[in-house]
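Single-structure report; data block below.
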Amino acid sequence: MAIKQAKVIAVTSVKGGTGKTTTVLALAGILSNKKIKTIIVDMDLHSGVIGASLNLKSNKDIYTLINDYMNHNLKEINDYISKYNDYIDVLPAPKDPRSVGKINSYYIDSLLKKLKYKYDVILIDTNHIIDDINLITFDNADNIIYIMTSDLMDLRNMKTMLAIYKDMNLNKYTLILNEVLNKHSLTPHEINAYLGRNIDYIIPSNYYIKNMKKLIMEGKIVTLEKNYQKDTILKEVIDNILKG
Ligand SMILES: Nc1ncnc2c1ncn2[C@@H]1O[C@H](COP(=O)(O)OP(=O)(O)OP(=O)(O)O)[C@@H](O)[C@H]1O
Ligand SMILES: [Mg+2]
């Protein structure tokens, strides 16, 4: 009999500041509303903000876990994980960025494989850099969500990325255009023509969250707030990924 394993969803981009972390948090809230046991892993190792955004106080982070693992001192994985609510656990990025260079991607691979047996969904925030850590993360992902803007440099990098995926015969990714942070006024039609592939979803500009700063200061997740539960685009994204 097959053992049920978590769906692994990595949220990434080809340029910084496109809305990845905001999307990860919103998705976690949607999964929590559905009572789906989720862990957010903050793999933006140098500058991850998930722990801070959720006001988590624990000293434990991905480095303390990997360091103990590398030194054969790994205790119960739960000892390193922070709980946000009944359905959302968090493994924060290292508090001290100087420790990042000591994290070996072999252990990241092994850690993700262990977590797959403990959760329904592993939601991974990443940075936009293609390094060993991200490649291992993508390898483990059932779906890679690209959050993109219509910034021209963003589109150029995205086009290159799509060519690589085509070369490798990979199609386990989802393209989301985030119009909330759009700087240029290219239409989705123009973007599709430029990329030679259709965008899968658009987060429209009216999804701008006015009280974002307040939510972050209070450690709140927008999709767990009463007024915002109608985030229909991301609900559709998650439903389709869970189905696939
Ligand atoms: N829907 C939104 N409404 C209001 N502000 C938003 C929204 N989405 C993102 N932002 C703001 O835009 C900025 C960039 O978003 P975010 O941090 O999610 O991007 P990122 O891709 O994770 O960035 P980085 O590459 O630096 O990790 C943040 O200040 C965030 O609060
Ligand atoms: Mg981020």
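Here are the numbers for this structure:
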| read-out | value |
| --- | --- |
| The lone exception for P92 - which of (1) buried (at least 19 other Cβ atoms within 10 Å of the Cβ); (2) of a type outside the set (A, V, I, L, M); (3) over 14 Å from the mean Cα position of the chain (by Cα) it fails | (3) |
| Residue that is farthest from the chain's Cα centre (by Cα) [pool: residues in segment 30-70 that are more than 16 Å from ligand 1 (Cβ to nearest atom), hydroxyl-bearing (S, T, Y) and over 15 Å from K102 (Cα atoms)] | S58 |
| Selection within segment 203-218 - of a type outside the set (S, T, Y), away from ligand 2 (no atom under 16 Å from the Cβ) and either at pLDDT below 95 or in a helix (DSSP H, G or I) (or both) | P204, N206, K210, N211, K214, M217 |
| Residue, farthest from the chain's Cα centre (by Cα), within segment 219-244, restricted to residues that are part of a loop (DSSP other than H, G, I, E, B) and loosely packed, with under 11 Cβ neighbours inside 10 Å | K230 |
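The values are calculated or read from the model by the stated rules, or taken from the named source; none is laboratory data. Just so you know, these numbers come straight off a predicted model, no measurement behind them. Don't worry about glycine lacking a Cβ; one is built from the backbone with ideal geometry, like all the others, and counts go over all protein chains shown.
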